[in-house]
Amino acid sequence: MLSRELVKEALRRALATGADYAEVFAEHSLNKNINIISGKTDKIGDTVIAGVGIRIFKGTRCVSGSASSLDSAAVLSCASKVADALADTALVQDIVLRERLFGDIHPVKIVPGDVRNAEKIAYLREACLAAKDYSDEVSQVSGNYLEVDHKILIATSEGLFAQDRQIRTRVSVSSIASKDGENQTGGENHGARKGLELFEEFDPKAIGKEASRQAVTMLHAGYIQAGNMPVAIENGFGGVIFHEACGHSLEASGVALGQSQFAGKLGEQIANTKVTAIDDGTIPNSWGSVNIDDEGTPAQRNVLIENGILKTYMIDKLNGRRMGMASTGNSRRQSYTFEPTSRMTNTYIAAGEDEDKEIISSIEYGLYAKRMGGGSVNPVTGQFNFAVDEGYVIRNGEICEPVRGASLIGKGSEILMNIDMVGKNVARAQGMCGASSGSIPTDVGQPLIRVSSIVVGGR
């Protein structure tokens, strides 16, 4: 992507005005999006992203810049401009780059770029057709196919020279069910750090039917009465509650500045003793996995919370300097135009010892949140509000009628303490997480859990 000599010269120029660390991040990515609406191909989009981001540190001061070209003039000009912004005492440093090969724990069997669009469209159309045929009440179906072939090069003044190739594929279907002028939606998606072998693992008809099942079920659902009650949150995307309400508060970008509800609490109990939470970027072929992060640090399995005790944070290099702690392999960025910072990879609550049927039967009256939706959170205070896309009333220890319009309202530190039952069957689901360094792929997950008390919004 870039020659070693060009990278060395860029690092030398970046260090010229007194920085104690310099980093070159080069990228060349090919992205494809295919959209289908009502059985017809609506859009096929191919995007090429290529450029370089250069960053320097002096202590905890940081300067960064980028150029939308990989030619030598653009790279060296960017390095000089970043150095000029620091404008400190000039230094002469000798840089010796040593290539590191970290290997690839995410094998790809079928590179998406080698397969015709027709095959991708056929798979997506089959999923959408199954969704439309599910019920006469399904009024509209849309499908999306995404492939990413992301190549990066990272070199630093510490001597690192490393490259990685990240291929990801994702398929999603969204259904709208309508009756008497009212609409309800449902969706299903599957993604992985894989190629088109993903098509062999997931039946397109099953994806479509599940999207429409949700929509039709919610079309005929009533409403739950608002109040404080126990809630059982299902596995898979239910883990978005931990990701948003707690995970972001464990990222060093907030912790290092004291802008987190968990800042300064290492070694303290912040959750129920049944809760162990992990961020693991090493899970083979997982949607949020990396071989190396966007600073060139190898991916790690980080136990964030163990039996309720806060063990570590998710840390990048710059915030690690501020905290006096080493990077945990969590520095990520959407592209070369964003400055990297600490972000999650595959974050989940680990399996517990409770049986699912015991969790449900323990609730006399409450909510079963089968599928979670989006929401908002303040990582400083931990206050959150999340929609429940598919919910059911629990009555006398049994899952009863479906309800819609429910939401979960609370504070991250409180919900962690109130998780008093944790099931055994961990499942993960895929999503995109947005923050200061852009939108990145992340996995969320958990087993079925019980929150003993939480505010449920409804009617």
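The values are calculated or read from the model by the stated rules, or taken from the named source; none is laboratory data. All figures in this text were calculated on a predicted structure; none of them were measured in a lab. Because the Cβ atoms are built from the backbone with ideal geometry, glycine has one as well, and the counts that use them run over all protein chains shown.
Mind checking whether some residue in the range 213-234 is crowded, with 20+ Cβ neighbours inside 10 Å, assigned by TED's automatic domain parsing to the domain that holds Gly405 and acidic (Asp, Glu)?
Yes, some residue in the range 213-234 is crowded, with 20+ Cβ neighbours inside 10 Å, assigned by TED's automatic domain parsing to the domain that holds Gly405 and acidic (Asp, Glu).
Taking the condition of being over 24 Å from Gly458 (Cβ atoms), in contact with a helix residue (DSSP H, G or I) (Cβ under 6 Å, 6 or more places away or on another chain) and part of a strand (DSSP E or B), how many residues in the range 180-221 meet it?
Residues flagged as over 24 Å from Gly458 (Cβ atoms), in contact with a helix residue (DSSP H, G or I) (Cβ under 6 Å, 6 or more places away or on another chain) and part of a strand (DSSP E or B) within the range 180-221 amount to 2.
Is it fair to say Asn346 is in the same structural domain as Ala435 (by TED's automatic domain parsing), surrounded by 24 or more Cβ atoms within 10 Å (Cβ to Cβ), in contact with a helix residue (DSSP H, G or I) (Cβ under 9 Å, 6 or more places away or on another chain) and not charged (D, E, K, R)?
The answer is no for Asn346.
So Ile241 clears everything in (1) modelled with pLDDT under 95; (2) under 19 Å from the mean Cα position of the chain (by Cα); (3) not assigned by TED's automatic domain parsing to the domain that holds Tyr348 except one condition, right? Which one?
Checking Ile241 against (1) modelled with pLDDT under 95; (2) under 19 Å from the mean Cα position of the chain (by Cα); (3) not assigned by TED's automatic domain parsing to the domain that holds Tyr348, the one that fails is (3).
Could you check, for the range 158-170, whether at least one of its residues is hydrophobic (A, V, I, L, M, F, W, C), in contact with an Asp or Glu (Cβ under 6 Å, 6 or more places away or on another chain), modelled with pLDDT of 95 or more and farther than 16 Å from Arg213 by Cβ?
Within the range 158-170, one or more residues are hydrophobic (A, V, I, L, M, F, W, C), in contact with an Asp or Glu (Cβ under 6 Å, 6 or more places away or on another chain), modelled with pLDDT of 95 or more and farther than 16 Å from Arg213 by Cβ.
Condition first: within 20 Å of Val456 (Cβ to Cβ), of a type in the set (Ser, Thr, Tyr) and surrounded by fewer than 22 Cβ atoms within 10 Å (Cβ to Cβ). Can you find one or more residues in the range 400-415 that meet it?
yes
Testing Pro379 on (1) crowded, with 22+ Cβ neighbours inside 10 Å; (2) in contact with a strand residue (DSSP E or B) (Cβ under 6 Å, 6 or more places away or on another chain); (3) not β-branched (Val, Ile, Thr), one condition comes back false. Which one is that?
(2)
Being aliphatic (A, V, I, L, M) and crowded, with 24+ Cβ neighbours inside 10 Å narrows it down to one residue among Val422, Val444; which is it?
Sole residue among the options that is aliphatic (A, V, I, L, M) and crowded, with 24+ Cβ neighbours inside 10 Å: Val444.
For the range 1-36, what are the residues that are surrounded by fewer than 20 Cβ atoms within 10 Å (Cβ to Cβ), assigned to a strand (DSSP E or B) and not charged (D, E, K, R)?
Passing the criteria: Tyr21, His28, Ser29, Leu30, Asn31, Asn33, Asn35.
In the range 222-237, how many are within 30 Å of Asn346 (Cα to Cα) and assigned to a loop (DSSP other than H, G, I, E, B)?
2
State all residues of the range 37-68 that are small (Gly, Ala, Ser) and either closer than 30 Å to Asn144 by Cβ or in a strand (DSSP E or B) (or both); if no residue qualifies, say none.
Across the range 37-68, the qualifying residues are Ser38, Gly39, Gly45, Ala50, Gly51, Gly53, Ser64, Gly65, Ser66, Ala67, Ser68.
Looking only at residues in the range 175-187 that are buried (at least 23 other Cβ atoms within 10 Å of the Cβ) and not aliphatic (A, V, I, L, M), which one is nearest to the chain's Cα centre (by Cα)? Before you say what the answer is, go through the steps one by one.
So in the range 175-187, the residues buried (at least 23 other Cβ atoms within 10 Å of the Cβ) come out as 175, 177, 186.
Add one more test, that the residue is not aliphatic (A, V, I, L, M), and what stays is 175, 186.
Working: Ser175: 23, Gly186: 21 Å.
Among them, the one singled out is Gly186.
Looking at the range 111-148, which of the residues that are of a type in the set (A, V, I, L, M) and part of a helix (DSSP H, G or I) is surrounded by the most Cβ atoms within 10 Å (Cβ to Cβ)?
Among residues in the range 111-148 that are of a type in the set (A, V, I, L, M) and part of a helix (DSSP H, G or I), the one surrounded by the most Cβ atoms within 10 Å (Cβ to Cβ) is Ala131.
Over 24 Å from Ser331 (Cβ atoms), loosely packed, with under 14 Cβ neighbours inside 10 Å and at pLDDT below 95 - does that describe any residue in the range 68-78?
No, there is no match, as no residue in the range 68-78 is over 24 Å from Ser331 (Cβ atoms), loosely packed, with under 14 Cβ neighbours inside 10 Å and at pLDDT below 95.
List, please: which pairs have Cβ atoms under 9 Å, are six or more places apart or on different chains, and start with a residue in the range 262-277 that is more than 21 Å from Val444 (Cα to Cα) and in contact (Cβ under 8 Å) with a residue 12 or more places away in the chain and end with one that is small (Gly, Ala, Ser) and in a loop (DSSP other than H, G, I, E, B)?
Pairs found: Gln269/Gly308.
Do we have Asp294 as in a strand (DSSP E or B), surrounded by 23 or more Cβ atoms within 10 Å (Cβ to Cβ) and touching a residue at least 60 places away in the same chain (Cβ under 8 Å) here?
no
Residues of the range 149-179 being out of contact with any Lys or Arg (no Cβ under 6 Å at 6 or more places or on another chain) and not in a strand (DSSP E or B), which ones?
Scanning the range 149-179 gives Ser157, Glu158.
Have a look at Gly53, Gly45, Gly65 and point out the one that is without any contact (Cβ under 8 Å) to a residue 40 or more places away in the chain and surrounded by 21 or more Cβ atoms within 10 Å (Cβ to Cβ).
Gly65
Please identify the pairs in which a residue from the range 407-419 that is assigned by TED's automatic domain parsing to the domain that holds Ile241 and among the basic types (Lys, Arg) has its Cβ atom under 8 Å from the Cβ atom of a residue that is surrounded by 18 or more Cβ atoms within 10 Å (Cβ to Cβ) and in a strand (DSSP E or B), counting only partners at least 6 apart or on another chain.
Once the first residue is assigned by TED's automatic domain parsing to the domain that holds Ile241 and among the basic types (Lys, Arg) and sits in the range 407-419, its partners that are surrounded by 18 or more Cβ atoms within 10 Å (Cβ to Cβ) and in a strand (DSSP E or B) give Lys411/Phe384.
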